[in-house]
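Take a look at the structure below.
The values are calculated or read from the model by the stated rules, or taken from the named source; none is laboratory data. As the structure is a computational prediction, the values presented were derived from the model and not from experiment. Note: accessible area is taken over every heavy atom of the protein model, side chains too, but ligands, DNA and RNA are not part of it. Shrake-Rupley method; radii C 1.70, N 1.55, O 1.52, S 1.80 Å.
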Amino acid sequence: MAAPAAGSATSQRFSQSFSDALIDEDPQAALEELTKALEHNPKDAQYYCQRAYCHMLLGKHLDGIADVKKSLELNPNNPTAILRKGMCEYHQKDYASALDTFIAGQKLDSKY
């Protein structure tokens, strides 16, 4: 019987849950696992949203914007994705876009 791969414990941990708390522990490992998960399920809006969070924590805000836009294409009513998009835009110093995004999120929030 073959020995388990060195990263299998990390893979198992992330494959069970891509929670923000788990991502906070090791954003780079979470990014890698989410990328693998998206290879198997490229239409999962939540995976893109969570991978955007990884990018945010790693300071890769342009990559975060790309992922959150994909998340919003798949699920336009995700308030977390809208918040993350605005945060990435803000950190890119694109304040006008960030403001527009936050206003759109506020409108979405007021619908519910």
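Which value results for Rg/Rh of the stretch 40-107 when Rg is the Cα radius of gyration and Rh the Kirkwood radius based on the inverse mean 1/r?
0.96
Taking a threshold of 21 Å on the Cα-Cα distance, which of the pairs Lys43/Lys85; Lys43/Lys107; Lys43/Lys93 fall above it?
Lys43/Lys107; Lys43/Lys93
Leaving ligands, DNA and RNA out of it, rank Met87, Met56 by accessible area with a 1.4 Å probe, largest first.
Met87, Met56
Ordering Arg84, Arg51 by accessible area with a probe of 1.4 Å, largest first, what comes out?
My answer, sorted largest first, is Arg51, Arg84.
Report ³J(HN,Hα) in whole Hz for each residue of the stretch 62-70, in order, from the Karplus equation J = 6.51 cos²θ - 1.76 cosθ + 1.60 where θ = phi - 60°; Gly and Pro get x.
Ordered by residue, 3J(HN,Hα) equals 5, 5, x, 4, 4, 5, 6, 5, 5 Hz.
With an 8 Å Cα cut-off and a minimum separation of 6 or more residues, compute the relative contact order for the stretch 12-112 in percent.
19
Once the whole set of protein chains is in place, how much accessible area is left on Lys69, using a 1.4 Å probe, in Å² to the nearest 10?
100
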